[in-house]
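Engineer: Sharing a structure with you now.
The values are calculated or read from the model by the stated rules, or taken from the named source; none is laboratory data. The structure presented is a predicted model; accordingly, all values stated were derived computationally and were not measured. Using ideal geometry, Cβ is built from the backbone for each residue, glycine included, and neighbour counts are taken over all protein chains shown. Remember, those area values only see protein heavy atoms, side chains included, never the ligands or the DNA or RNA. Shrake-Rupley method; radii C 1.70, N 1.55, O 1.52, S 1.80 Å.
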Amino acid sequence: LSACGSSKSGGSGAEGDTIVVGYSQLGAESGWRTANTEDIKKHLTAENGFDLTFVDAQQKQENQIKALRDFISQDVDIVAFSPVVETGWDDVLQELKDAEIPVILVDRSVDTTVEDPYVAHIGSDMAAEGKMAGEWVQENFPNAKIFELQGTMGSGPQVDREAAFDAIMGDNVIGKATGNFTRAEGKTAMEAALQAYPDMDLVFSHNDDMGLGAIEAIEAAGKKPGTDIAIVTVDGVKDGLQALVDKKFNYVVECNPIFGEQLGELMKKVVAGEEVEKNTVVEDKTFDQTITQEEVDARPY
Ligand code: AHR
């Protein structure tokens, strides 16, 4: 796919000048997000040819929309953003398009009526992650009574992980509640679920942080996480992998947050008007309880 049509005329990056980037990060809700933010800031530096304005929206769509509009008034060379939810972006995406500012969608997806709203997307395949989790549960706990801890409702990872997991294990799901991808809300949701579904024997958590909150709730209820109630999560942050070593998590599907360097390369090409892939899928692995303490200690985030 060519970046032209969305690329601004006279884009500065083509000549090796500084590329002015407006970046709207959705928040700091999880260990994954912190690692992702650090990696992006590590690579979009002045030394690497970027002038980065990075704005944290604190999980609020209106803050993201405001940041994107500010980037339009600043006439940045390129915008990147990680949308907190999938819908509600039509107006601002159209405004970005009218301003001829190319957009790179990072990590999450959008659902919009705007035609050709972004030049490229970079991030994990969230449906593939849900599928990997579902296949492992089918293989190892085919009769489990499952409680699902959902991420932020209406976000790409919640929608896609849930649909793919439920396509395999949906008949076994006895209850669902959102923990908004945070440890604190995961714990609260799990406390209520332990009362509502005392017969659950497996939790599928859409991220590590909510799973870590679930561990606290399960232990407080006098049960053993990983044994009385199995826990399957997505992300693979250090704390999550430590829970695997400690046998409190049973299986973790990775969502890899480390793609700042690839993002920088993508931005340079887009601003230079070069052809880029419409979708760059970041590679994800899986981890089970055979992971060693050494591997966890070597994990950089
Ligand atoms: O969009 C990626 C997801 O967002 C990660 O799985 C989760 O931890 C984060 O909050």
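Engineer: Does the range 205-215 contain any residue that is within 15 Å of the ligand (Cβ to nearest atom), on the phi > 0 side of the Ramachandran plot and assigned to a loop (DSSP other than H, G, I, E, B)?
Structural biologist: no
Engineer: Any residue in the range 157-174 that is within 18 Å of Lys145 (Cα to Cα) sitting within a Cβ distance under 6 Å of a residue that is hydroxyl-bearing (Ser, Thr, Tyr) and not in a helix (DSSP H, G or I)? List the pairs, counting only those 6 or more apart or interchain.
Structural biologist: Going by the 6 Å Cβ cut-off, the qualifying pairs are Ile174/Tyr197.
Engineer: Still on this model: Please specify each residue of the range 21-38 satisfying the condition of being more than 13 Å from the ligand (Cβ to nearest atom) and either of a type outside the set (Val, Ile, Thr) or surrounded by fewer than 20 Cβ atoms within 10 Å (Cβ to Cβ) (or both).
Structural biologist: Answer for the range 21-38, where residues must be more than 13 Å from the ligand (Cβ to nearest atom) and either of a type outside the set (Val, Ile, Thr) or surrounded by fewer than 20 Cβ atoms within 10 Å (Cβ to Cβ) (or both): Gly22, Tyr23, Ser24, Glu38.
Engineer: Let me ask something additional. Hey, could you check the range 243-261 for residues that are open to solvent by 10 Å² or more (accessible area, probe 1.4 Å) and either within 16 Å of the ligand (Cβ to nearest atom) or of a type in the set (Val, Ile, Thr) (or both) and say which is nearest to Phe165 (Cα to Cα)?
Structural biologist: Out of the qualifying residues, it is Tyr251.
Engineer: Provide a single number: the residues in the range 262-298 that are assigned to a loop (DSSP other than H, G, I, E, B) and crowded, with 16+ Cβ neighbours inside 10 Å.
Structural biologist: 6
Engineer: Just a yes or no: is a residue in the range 139-152 within 15 Å of the chain's Cα centre (by Cα), surrounded by 20 or more Cβ atoms within 10 Å (Cβ to Cβ), away from the ligand (no atom under 12 Å from the Cβ) and among the charged types (D, E, K, R)?
Structural biologist: no
Engineer: Of Thr233, Thr188, which residue is of a type in the set (Val, Ile, Thr) and away from the ligand (no atom under 16 Å from the Cβ)?
Structural biologist: Values: Thr233 fails: away from the ligand (no atom under 16 Å from the Cβ).
Going through Thr233, Thr188 in turn, just one is of a type in the set (Val, Ile, Thr) and away from the ligand (no atom under 16 Å from the Cβ): Thr188.
Engineer: Could you tell me whether the range 185-197 includes any residue that is open to solvent by 60 Å² or more (accessible area, probe 1.4 Å), modelled with pLDDT of 95 or more and under 19 Å from Asp288 (Cα atoms)?
Structural biologist: Scanning the range 185-197, I find no residue that is open to solvent by 60 Å² or more (accessible area, probe 1.4 Å), modelled with pLDDT of 95 or more and under 19 Å from Asp288 (Cα atoms), so the answer is no.
Listed here are the residues, each with its yes/no results for (1) open to solvent by less than 40 Å² (accessible area, probe 1.4 Å); (2) in a loop (DSSP other than H, G, I, E, B); (3) closer than 25 Å to Phe50 by Cα.
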| residue | (1), (2), (3) |
| --- | --- |
| Ala80 | yes, no, yes |
| Val85 | yes, yes, no |
| Asp91 | no, no, no |
| Glu100 | no, yes, yes |
| Thr113 | no, yes, no |
| Pro117 | yes, yes, yes |
